[in-house]
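Comments concern the structure below.
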Amino acid sequence: MKTAVIQFPGSNCDRDAVHAFGNILGLPADLVWHKESSLGGAELVVLPGGFSFGDYLRCGAIARFSPIMAAVCEFAENGGVVLGICNGFQILCEAGLLPGVLIRNECLEFRCRTVQLRVEDAGPHFNREKLGDRLAIPVAHGEGNYLIDREGLTALQENRQILFRYAARGSAGDPQLENPNGSVGDIAGIRNQMGNVIGMMPHPERAVETFHPSRDGVPILKAVVETARSAADVKV
């Protein structure tokens, strides 16, 4: 499962993603510069976190026009699996590969902490039986407030496109909702209707080592890989 990690000017989680897929999951993983026009035969594409082009205009608004994005869009349209993490999620929304938009955090502050995610039942690879009920994954963003209109939210729910929601933490008698950005429906991660384009604000690649806050990112990344393998089988 050859993995291409797209590198934009301002990406800062690109090498983390290469490490997670390459060293932790044992897959061939290479950086692909944003000015390239080809994905080099990749079977899985990752758009990493960071501040592409300094987040000028809007987060992901300039990166969306990078030359490599034509290949990413064609790859996705042909059923290839694309994962966007944090800034990558923002780019996917700007490119129209995922519905909705990500704006400034409701608190107007940058949030960097480990949050609890509630796993939603979203198919054979993303569900509580496979991933568990709760995952502890870091977030680090200033524009992670996911918004979508009422009709779009209804469609996400009916089509089981919501993968993760920010979950309550604390004691059962005193739960504290850990939504760090104000996202509608506490949404932390979604996929497109076909299921091959995935976006999430939390950073699973920062939860893969014993010295990380958790290793809960490993099953998430494995679920992405299994999704890509299933998509490849369908193509054959």
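Does residue 18 count as within 15 Å of residue 74 (Cα to Cα), out of contact with any Lys or Arg (no Cβ under 9 Å at 6 or more places or on another chain) and among the hydrophobic types (A, V, I, L, M, F, W, C)?
no
Evaluate the following for residue 205: is it charged (D, E, K, R) and at pLDDT below 95?
When the stated conditions are applied, residue 205 does not pass them.
For the subset of region 1-36 comprising residues that are part of a loop (DSSP other than H, G, I, E, B) and free of Cβ contacts under 8 Å to residues at least 40 places away in the same chain, which member is surrounded by the most Cβ atoms within 10 Å (Cβ to Cβ)?
By that ranking, first place goes to 34.
If residue 60 satisfies all but one of (1) surrounded by fewer than 24 Cβ atoms within 10 Å (Cβ to Cβ); (2) of a type outside the set (S, T, N, Q); (3) part of a loop (DSSP other than H, G, I, E, B), what's the number of the condition it fails?
All conditions are met except number (1).
Restricting attention to region 101-115, which residues are of a type in the set (A, V, I, L, M) and either crowded, with 16+ Cβ neighbours inside 10 Å or within 15 Å of the chain's Cα centre (by Cα) (or both)? Full working, then the answer.
Of region 101-115, the ones of a type in the set (A, V, I, L, M) are 101-103, 108, 115.
Those that are of a type in the set (A, V, I, L, M) and either crowded, with 16+ Cβ neighbours inside 10 Å or within 15 Å of the chain's Cα centre (by Cα) (or both): 101, 102, 103, 115.
So, in region 214-232, exactly how many residues are in a loop (DSSP other than H, G, I, E, B) and in contact (Cβ under 8 Å) with a residue 12 or more places away in the chain? It would help to see each step written out before you state the result.
Applying the first criterion (in a loop (DSSP other than H, G, I, E, B)) to region 214-232 yields 214-216.
So of that shortlist, the ones also in contact (Cβ under 8 Å) with a residue 12 or more places away in the chain come out as 214, 216.
Result for region 214-232: 2.
Here is a list: 39, 98. Which entry is buried (at least 23 other Cβ atoms within 10 Å of the Cβ), at pLDDT 95 or above and part of a loop (DSSP other than H, G, I, E, B)?
Answer to the check: 98.
Matching residues to (1) closer than 18 Å to residue 203 by Cα; (2) touching a Cys at 6+ places or on another chain (Cβ under 7 Å); (3) among the hydroxyl-bearing types (Ser, Thr, Tyr):
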| site | (1), (2), (3) |
| --- | --- |
| 94 | no, no, no |
| 97 | no, yes, no |
| 102 | yes, yes, no |
| 106 | no, no, no |
| 112 | yes, no, no |
| 115 | yes, no, no |
| 118 | yes, no, no |
| 126 | yes, no, no |
| 131 | yes, no, no |
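Here are 193, 116: which of them is polar (S, T, N, Q), in contact (Cβ under 8 Å) with a residue 12 or more places away in the chain and not in a loop (DSSP other than H, G, I, E, B)?
116
The values are calculated or read from the model by the stated rules, or taken from the named source; none is laboratory data. Since the structure is predicted, the reported quantities are computational estimates derived from the model, not experimental observations. Quick reminder, even Gly has a Cβ in these numbers, built from the backbone with ideal geometry, and neighbours come from all protein chains shown.
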